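Q: Quick one: the structure is below, questions incoming.
The values are calculated or read from the model by the stated rules, or taken from the named source; none is laboratory data. What you see is a predicted model, and the numbers here were worked out from it, not measured in a lab. Side chains included, ligands, DNA and RNA excluded: accessible areas come from the protein's heavy atoms. Shrake-Rupley method; radii C 1.70, N 1.55, O 1.52, S 1.80 Å.
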Amino acid sequence: MKRHASVTFQVRGGIGNQLFMYAMARRLALVNKVPLYLETESGFDGDFFRRNYGLDRFHIVGEEVRRAKRAQLKRRAEIGVNEMLPFRFRWFCREPDAGPDAAFDERLLSFKVVRPVFLEGYWQDQRYFADIGAELRRELAFSSKHTAANERLAAQMRSTESVAVHIR
């Protein structure tokens, strides 16, 4: 059975992390004109904060897949093999030192997807997707209407000076 070129990424973390992951994977799929798959289950196994998949609230492009078919041992083997291959031949792209301080990997901007590629990482750098900003703004609009209570609150906030405080 021939496996067609595609991009799949493991969705995990909070909504902010999910948005970064989507933006990077979407750009890679878009510029390579290949399907995008969102693996929406395994990234939340044992999540300390009990977070879950949240991108379904947006007009995103891509097909949700529940669990990528890869055992933990197979995943470790793929990572090891991929680290030995020249970059252009990799099929498992794991962000080095994943997290907010991860280094930007410019090679991904010109990466040619010619086989199924699996992405794992947070990809928290706008350079990964800056060139598709207009598409992302359209896709990341909320897919549901606001409740009446939220509409009233929004109108009240627009009519006066408003301040928001977010504490983590």
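Q: For the range 84-93, take each phi angle, set θ = phi - 60°, evaluate the Karplus expression 6.51 cos²θ - 1.76 cosθ + 1.60, and give the result in whole Hz per residue in order, putting x for glycine and proline.
A: 8, 7, x, 3, 5, 9, 6, 10, 10, 9
Q: Leaving out same-chain residues fewer than 8 places away, which aspartates and glutamates sit with a Cα under 19 Å from that of LYS74?
A: Excluding near neighbours in sequence, the set is GLU39, GLU41, ASP45, GLU83, GLU95, GLU120.
Q: Related question: Short version: ³J(HN,Hα) in whole Hz for each residue of the range 150-162, in order, from phi by Karplus 6.51 cos²θ - 1.76 cosθ + 1.60 (θ = phi - 60°), x for Gly and Pro, what are they?
A: 5, 4, 5, 5, 4, 5, 4, 5, 5, 7, 8, 6, 10
Q: Using a cut-off of 19 Å between alpha-carbon atoms, which aspartates and glutamates can reach LYS145, once sequence neighbours fewer than 8 places away in the same chain are excluded?
A: Qualifying aspartates and glutamates at Cα under 19 Å: ASP56.
Q: Would you calculate a helix-derived [θ] at 222 nm for the chain, using -39,500 (n - 2.57) for each DSSP H run of n ≥ 4 and dividing by the full residue count, to the nearest 500?
A: Values: 4 runs with 49 residues, N = 168.
Result for the chain: -9000 deg cm²/dmol, rounded to the nearest 500.
Q: Here's a follow-up. In whole Hz, what ³J(HN,Hα) sequence does the range 121-132 give by Karplus (6.51, -1.76, 1.60; θ = phi - 60°), x for Gly and Pro?
A: x, 8, 6, 8, 8, 5, 5, 5, 9, 4, 7, 10
Q: Could you state the accessible area per residue of the chain in Å², with a 1.4 Å probe and every protein chain left in place? Provide the component values of the computation, followed by the final result.
A: Values: 11290 Å² over 168 residues.
Value returned for the chain: 67 Å² of accessible area per residue.
Q: Contact order normalised by length for the chain, with contacts defined as Cα pairs under 8 Å and 6 or more residues apart; what percent is it? Display every interim value, and only then the final one.
A: Numbers: 229 pairs, mean separation 49.4, N = 168.
Once normalised by length, the contact order is 29 percent.
Q: Separate question: Taking H placed 1.01 Å from N in the peptide plane, check which residues at least 5 places from GLY14 or on another chain put their amide H under 5 Å from its amide H.
A: none
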